[in-house]
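Please read the structure below before turning to the comments.
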Amino acid sequence: MDTISKLILGVKRGNTPFHRFLRSALMLIHRPPVRPLPRLANPFFRFLYELHYQLIVLARFLLTLLYRGPVFSARCARIGKNLSIDGLPFVEGHVQIEIGDDVWLGGKITISSGRMIDQPRLVIGHGAEVGWNVRITVNREVIIEDHARVAYDCRISDSDAHPKQADLRAANQPPPLDEIRPVRICRNAWIGNGSHILKGVTVGEGAIVGANSVVVANVPPFALVVGNPARVFLKDIGLPSAAQAVEPKAQE
């Protein structure tokens, strides 16, 4: 064991008073204590606290306005009005991206496509929301319809990315085309955080996918599914209110 490793181990174990002193000093550096302020100083430091975050918001606004927005817009095949992005999505591959009006995209979103199909397509409808740290794999087609919501840490994929056969995976072969099946998240559906939506799945209108669920089969409209694999837990949940249901008839 070299000298530095011996010193590190000695500090962790606290072998001698010197090692224990170093450990205490390092703890103080890594976890500096926060001490209460005199009451007279509170207004000033409270102002600094608010200023700190407002400056961050301003910096993000300028970054999006002058850089993130234009470069992401250039990457998309079509974007609608009032697109809002919290960060620059990382797009890998040749996927075509179409975005409707009033869409919100969180930060750390990854959109990727493979080599199997010439024109893979991601469509995000009007008023849809895609949360932070979402990964969407598009090898054929993924459609997120109007006003659907995908919470943070979700994964959506229209293929398994690799063939089932071990020898073909070892040879780095793509999956067969018949195993690449489109995914559709219908209007007003809600995908809970940490959920995985797998190939060929349609999440019905107004349906809710519970947090951390793995969806391998179609979800009926206005149903709540939970679990791994996700199963129907409740039916006819989240139906439109009476006022919403009557309104279109009144308009007719």
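Every number in this text was worked out from the coordinates using simple rules, so none of it is lab data. A quick note: this is a predicted structure, and the numbers were derived from the prediction, not measured. So basically every Cβ, Gly included, is an ideal-geometry build from the backbone, and we count neighbours across all protein chains shown.
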Subject >> Net charge dipole size for segment 1-148 [Lys, Arg +1 and Asp, Glu -1 on Cβ; Debye, nearest 20] >> reply: 1240 debye
**OP:** Quote the convex hull volume per residue of segment 125-252, based on C-alpha atoms, as a whole number of Å³.
**Re:** 115 Å³
Original post:
Residues with amide H under 5 Å of residue 214's amide H, sequence separation 5 or more or different chain, H placed in the peptide plane at 1.01 Å from N; which?
Top reply: 196, 227, 228, 230
Subject >> At R0 = 35 Å, FRET efficiency that the Cβ-Cβ distance of residue 21 and residue 132 yields, to 0.05 >> reply: 0.25
Original post:
Under 26 Å Cα-Cα from residue 235, which lysines qualify once same-chain neighbours fewer than 8 residues away are excluded?
Top reply: 199, 249
Original post:
Rounded to the nearest 0.05, what FRET efficiency do residue 237 and residue 178 have when you use their Cβ-Cβ distance and R0 = 25 Å?
Top reply: 0.15
**OP:** Any chance you could list the semi-axes, whole Å, largest first, of the equivalent ellipsoid that the Cα gyration tensor gives for segment 93-169, using √(5λ)?
**Re:** 25, 14, 9
Original post:
Label residue 101 and residue 118 with points 7 Å out from Cα along Cα→Cβ: what is the distance between them in nm?
Top reply: 3.3 nm
**OP:** Work out how much length residue 50 to residue 168 would gain on full extension: take 0.36 nm times their residue separation and subtract the Cα-Cα distance, in nm to one decimal.
**Re:** 36.9 nm
Original post:
On a 0 to 90 degree scale, rounded to 10, what angle separates helix 3-13 from the longest Cα axis of the chain?
Top reply: 90 degrees
Original post:
How high is the relative contact order of the chain, in percent, counting Cα pairs under 8 Å that sit 6 or more residues apart?
Top reply: 9 percent
Original post:
Placing +1 at every Lys and Arg Cβ and -1 at every Asp and Glu Cβ, with all other atoms neutral, what dipole size does the chain have around its Cα centre, in debye to the nearest 20?
Top reply: 1540 debye
**OP:** Would you mind computing Rg(Cα) / (2.2 N^0.38 Å) for the chain, counting N as its residues?
**Re:** 1.39
**OP:** In square nanometres and to one decimal, what's the mean projected area of the convex hull around the Cα atoms of segment 1-88?
**Re:** 12.4 nm²
Original post:
Once Lys and Arg get +1 and Asp and Glu get -1 on their Cβ, which of 53, 127, 226 lies farthest toward the positive end of the dipole of the chain?
Top reply: 53
